Amino acid sequence: DAKLFAAVAKMYADYSVKRDPRRYGGDWGYDSDFSALGAFAGLDLVEHDPALTDEERLAMVKVFQRWSHAVLRAKAQTYSWLVAHNHGTFSALGSTMAGLYFAKYYPEQPDGKWLLDAGKRIFDRQNQSGKVEDDCNGYQWLTWEHVMRYAAVTGDLTVIQNGVGRKMADTAIITMDNNR
């Protein structure tokens, strides 16, 4: 429900400003960008819910904007030069969803374009490679799942059209144990 979503956003914002040197991963917590994909999708779902007042909605959006500035921007710059790693693609998916949200509801603000561009930079590189930075089978599939989610969310089908998606599928077939 929208009221609960807004209450959790407020709790998270309150948590982020309580400085605690023991907290691993900074003010927002370690790898908080991992949940950005779902969080921004949820924000978009409750955006027009009549249960929210304009004040609640604005407060919630300000939390998400602070979070995207503090976490997604920093992560996008950290991962902007590598062939994708699952941590980078988690962040890039979050940046993409945040960018779609801000571009849709606040097109006059630069956040939407910047965040969309940040996600695109990471996925443009990964769309050209059938290899990911992760050498662990489990993490490799996270990265490739993110590549496919990005294609579905944005409509950028480069990974399918250029044959890299086929390499991903071939790897799945070659490494599958069909006796289990």
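A few remarks follow.
- Filtering segment 70-93 for residues that are over 26 Å from Ala9 (Cβ atoms), hydroxyl-bearing (Ser, Thr, Tyr) and surrounded by fewer than 20 Cβ atoms within 10 Å (Cβ to Cβ) leaves a non-empty set.
- Residue that is under 30 Å from Ala70 (Cβ atoms), without any contact (Cβ under 8 Å) to a residue 60 or more places away in the chain and among the small types (Gly, Ala, Ser), where the choices are Ala172, Ala103: Ala103
- Any hit, segment 110-118, residues being modelled with pLDDT of 90 or more, open to solvent by 60 Å² or more (accessible area, probe 1.4 Å) and of a type in the set (A, V, I, L, M, F, W, C): yes
- In the set Lys18, Lys3, only one residue is more than 21 Å from Tyr105 (Cα to Cα) and charged (D, E, K, R); that residue is Lys18.
- Selection of segment 154-167 for residues being within 19 Å of Lys120 (Cβ to Cβ) and either at pLDDT below 90 or not in a helix (DSSP H, G or I) (or both) yields Gly155, Asp156, Leu157, Asn162.
- For Tyr15, the stated conditions do not hold, so it cannot be described as modelled with pLDDT under 90, within 28 Å of Leu142 (Cα to Cα) and open to solvent by 40 Å² or more (accessible area, probe 1.4 Å).
Table: residues versus (1) in a helix (DSSP H, G or I); (2) at pLDDT below 90; (3) open to solvent by 10 Å² or more (accessible area, probe 1.4 Å); (4) closer than 22 Å to Arg73 by Cα.
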position: Gly99; (1), (2), (3), (4): yes, no, no, yes
position: Lys104; (1), (2), (3), (4): yes, no, yes, yes
position: Asp124; (1), (2), (3), (4): yes, no, yes, yes
position: Lys131; (1), (2), (3), (4): no, yes, yes, no
position: Gly138; (1), (2), (3), (4): yes, yes, yes, no
position: Ala152; (1), (2), (3), (4): yes, no, yes, no
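The values are calculated or read from the model by the stated rules, or taken from the named source; none is laboratory data. Keep in mind that what you see is a predicted model, and the values were worked out from it rather than measured. So basically every Cβ, Gly included, is an ideal-geometry build from the backbone, and we count neighbours across all protein chains shown. Please note that ligands, DNA and RNA were not included when accessible areas were found on the heavy atoms of the full protein model with its side chains. Shrake-Rupley method; radii C 1.70, N 1.55, O 1.52, S 1.80 Å.
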